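Below is one structure, written out as structure tokens, with a few remarks after it.
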Amino acid sequence: MASKIFNRSSLMFSAIASIVAVSGLAPTAQAQIKADGSSTVFPLTERAASDFQKSSGKKVTVGVSGTGGGFKKFCKGETDISNASRPILEKELKACRDAGVKFIEIPIAMDALTIVVNPSNPVSDISTGDLKKIWDTGSNIKKWNEANSSFPDLPIKLFGPGADSGTFDYFTEAINGKAKQSRTDFTGSEDDNVLVQGVSRDKNAMGYFGFAYYQKNQGRLKALSVNGVAPSLQNVTNGTYRPLSRPLFVYVNAEKLKNNGDLRTFLDVYLNGATEINNKVGYLPLPVYIYNVGKKHLSEGKTGTRFGGKEPTNLKIADLANMQPKD
Amino acid sequence: MATSISSPSSSTPLSPIQLSVIQRKRRSNLFSAAGIVSILIALMTLIALVLQLFIQGLPKLNWQFLTSFADPEASLAGVLAALVGSCLVMLVTAATAVPVGIGAGLYLEEYVTRNKFSALIEINVTNLAGVPSIVYGLLALGLFKYYFSLGESILTAGLTLALLVLPVVIVATRESVRAIPSSLREATYAMGASKSQMVFDHLLPYAFGNILTGVIIGLSRAIGETAPLVTIGALTFIAFLPESPIQSSFPFISFEWLKAPFTVLPIQMFNWVSRPESEFQVNAAAAGIVLLSLTLMMNSIAIYLRYRIQKSLKW
């Protein structure tokens with residue numbers, strides 16, 4: 001019995017040791033297409049990947065390591081596609097440049113950050129100025145009517161995404177003027193469902209998150225118009241729901257695109273089905289001509305970003321077609 | 001319980017000693033009541049959580065759920081890739097952490113010469129057990145993924161979690177070896193056994209049951225980990241399985257699966273929980289039941305092994 005245990009474990013150990021040694025020599029190459037990045041863009045790429053894999057049998061994997069984490073891998077050449085809820089930033093551009101990774105930037109959807117309140121709340125419209133009053137650093141607004149005298153005399157309870165989220169970055173930039181500049185005494189969660197629950201249960205609550213979470217929970221939430229404009233596909237597409245609408249992107253490694261025919265086919269399928277995919281996921285699709293620009297850039301191999309490493313906050317959809325990508 | 005402190009009839013006055021006894025008994029009863037309450041609080045929370053998980057997830061839990069891949073449609077989605085991933089990662093973790101951990105524990109307890117250096121190692125090993133798991137993830141990212149270029153593979157994940165489990169196994173090994181009376185060691189030497197014979201033929205078999213308990217505590221912690229695995233590149237959507245370890249052609253055994261990309265149950269669960277559609281919450285609960293069952297299964301295997309080993313012992 002005794003020596004049996006010893007032999008068994010020593011056998012196992014040497015087996016593992018030899019596996020480590022052997023597998024260290026061979027590079028890993030399993031998935032044919034690798035995507036990673038933003039959790040916001042994930043549902044879109046996941047659906048495209050799932051459809052593509054079912055119809056073609058090609059293996060596609062999608063990871064979630066956040067927009068920043070995704071770009072880190074992408075600029076090392078580890079992934080083929082990087083999902084991003086904002087354009088590539090200066091620092092990431094430099095990393096890509098240093099590693100010789102060229103990319104094609106493809107807008108894939110629009111997202112409208114939606115301000116939600118409890119359905120019993122009489123407020124239905126809010127200005128960006130009042131939002132800033134409520135959400136900016138140092139704000140000590142405790143009641144709705146302290147932000148605007150036409151609002152009810154009720155305490156205000158705030159819900160928002162946690163500081164690691166791209167949504168938080170975008171909202172604070174667009175409303176308070178600087179990314180991550182926000183009051184901190186609100187209930188924060190990286191899980192948007194927690195925010196949905198919070199706002200739907202508290203009649204004094206206000207929160208914000210991506211449009212999809214509002215759309216799937218319309219029965220228990222009420223979306224506020226911002227400066228008189230309601231968040232909707234129409235208002236996002238015609239550019240009136242501003243500044244809280246933002247484009248979502250996928251970035252494609254240009255070198256891998258040349259060498260991997262499957263990647264090319266996958267992206268064609270993705271872009272051709274983008275409108276339908278967006279509708280199914282509950283995101284706001286871009287107009288078809290924007291997807292055609294994406295296809296054109298893919299076939300011409302037009303690399304680079306439109307935004308020069310900066311985060312745009314007051315973008316019109318037409319800009320996505322008119323602005324030229326630069327390396 | 002309450003009968004012992006029923007107050008005596010008021011007609012006979014109590015002596016100071018009797019009074020003091022009553023008072024102390026009352027205090028002791030109060031303490032045991034507090035104990036029961038705290039156990040109940042812990043237990044009720046656990047039961048409520050598990051019950052909620054089962055009520056929410058059980059309707060979804062069927063063969064189709066266990067044998068389907070992740071899917072954007074909640075009704076079609078299943079846990080196959082995550083279940084297989086979790087099992088394979090745990091296999092690598094156990095196969096690495098158990099022999100290395102037991103070896104290290106035995107060395108520290110039986111072989112090492114006590115000096116400042118060994119004291120330093122000991123303090124470090126004990127502290128390692130409390131290091132946040134994300135730190136192991138970062139270490140593994142640099143060491144396994146980039147330095148040894150093992151990639152974002154099951155092997156990398158298994159080794160990462162093995163690091164996490166290792167201190168627990170080492171501490172458990174040391175404690176169970178220490179609990180064996182030294183008369184046993186001396187008796188073995190008296191029969192002319194060498195040190196390694198003593199350790200491997202006597203000490204280890206007797207201690208193995210308790211070591212297993214430590215191993216299971218470690219593995220149960222590891223199976224629920226997401227943070228270090230996300231760091232080293234575990235996936236969220238993967239709809240194919242690693243290559244089978246058993247092949248139909250020569251050499252019949254393949255280790256290709258060690259290099260395969262993967263996801264694990266807790267990552268799958270987290271992804272489902274954070275989706276807007278409520279159908280996915282049900283999926284997450286069902287995946288929770290699967291994860292819970294996997295942990296219970298690991299536990300019962302360990303309990304069975306311990307029982308077998310202890311039964312075969314003749315002191």
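Odds and ends about this structure:
A quick yes/no check of all residues on (1) more than 10 Å from chain A (Cβ to nearest Cβ); (2) open to solvent by less than 20 Å² (accessible area, probe 1.4 Å):
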residue: B:Q247; (1), (2): yes, no
residue: B:F255; (1), (2): no, no
residue: B:I289; (1), (2): yes, yes
residue: B:R308; (1), (2): no, no
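- Neighbours by Cβ (under 9 Å, 6+ apart or cross-chain): first from the stretch B:182-193, without any contact (Cβ under 8 Å) to a residue 60 or more places away in the chain and in the same structural domain as B:L204 (by TED's automatic domain parsing); second assigned to a helix (DSSP H, G or I) and among the basic types (K, R): B:Y189/B:K195
- Candidate set: the stretch B:203-235, residues that are in a loop (DSSP other than H, G, I, E, B) and not polar (S, T, N, Q); chosen: the one nearest to the other protein chains (Cβ to nearest Cβ): B:L235
- Of all residues in the stretch A:173-195 being part of a helix (DSSP H, G or I) and closer than 22 Å to A:L221 by Cα, the one that is farthest from the other protein chains (Cβ to nearest Cβ): A:I175
- In the stretch B:136-187, the qualifying residues are those that are hydroxyl-bearing (S, T, Y), within 14 Å of chain A (Cβ to nearest Cβ) and in a helix (DSSP H, G or I), and the one that is surrounded by the fewest Cβ atoms within 10 Å (Cβ to Cβ) is B:Y147.
- Qualifying residue in the stretch A:29-49 (condition: surrounded by 13 or more Cβ atoms within 10 Å (Cβ to Cβ), closer than 23 Å to B:T93 by Cα and modelled with pLDDT under 90): yes
- Residue in the stretch A:204-225 that is touching a residue at least 24 places away in the same chain (Cβ under 8 Å), in a loop (DSSP other than H, G, I, E, B) and within 16 Å of A:T128 (Cβ to Cβ) present: yes
- Test result for A:I106, crowded, with 16+ Cβ neighbours inside 10 Å, assigned by TED's automatic domain parsing to the domain that holds A:Q218 and farther than 14 Å from A:N204 by Cα: no
- Being open to solvent by less than 10 Å² (accessible area, probe 1.4 Å) and within 13 Å of another protein chain (Cβ to nearest Cβ) is a property that B:A94 lacks.
- Residue count, the stretch A:145-165 (criterion: in a loop (DSSP other than H, G, I, E, B) and either of a type in the set (V, I, T) or free of Cβ contacts under 8 Å to residues at least 12 places away in the same chain (or both)): 4
- Residue in the stretch A:150-167 that is open to solvent by 30 Å² or more (accessible area, probe 1.4 Å), closer than 30 Å to B:Y146 by Cβ and outside the structural domain of A:Q218 (by TED's automatic domain parsing) present: no
The values are calculated or read from the model by the stated rules, or taken from the named source; none is laboratory data. Treat the numbers as computed from the prediction; the structure is a model and nothing was measured. Positions of Cβ are generated from backbone atoms using ideal geometry, with glycine treated the same way; all protein chains shown enter the neighbour counts. Just so you know, the surface numbers come from the protein's heavy atoms only, side chains and all, with ligands and any DNA or RNA stripped out. Shrake-Rupley method; radii C 1.70, N 1.55, O 1.52, S 1.80 Å.
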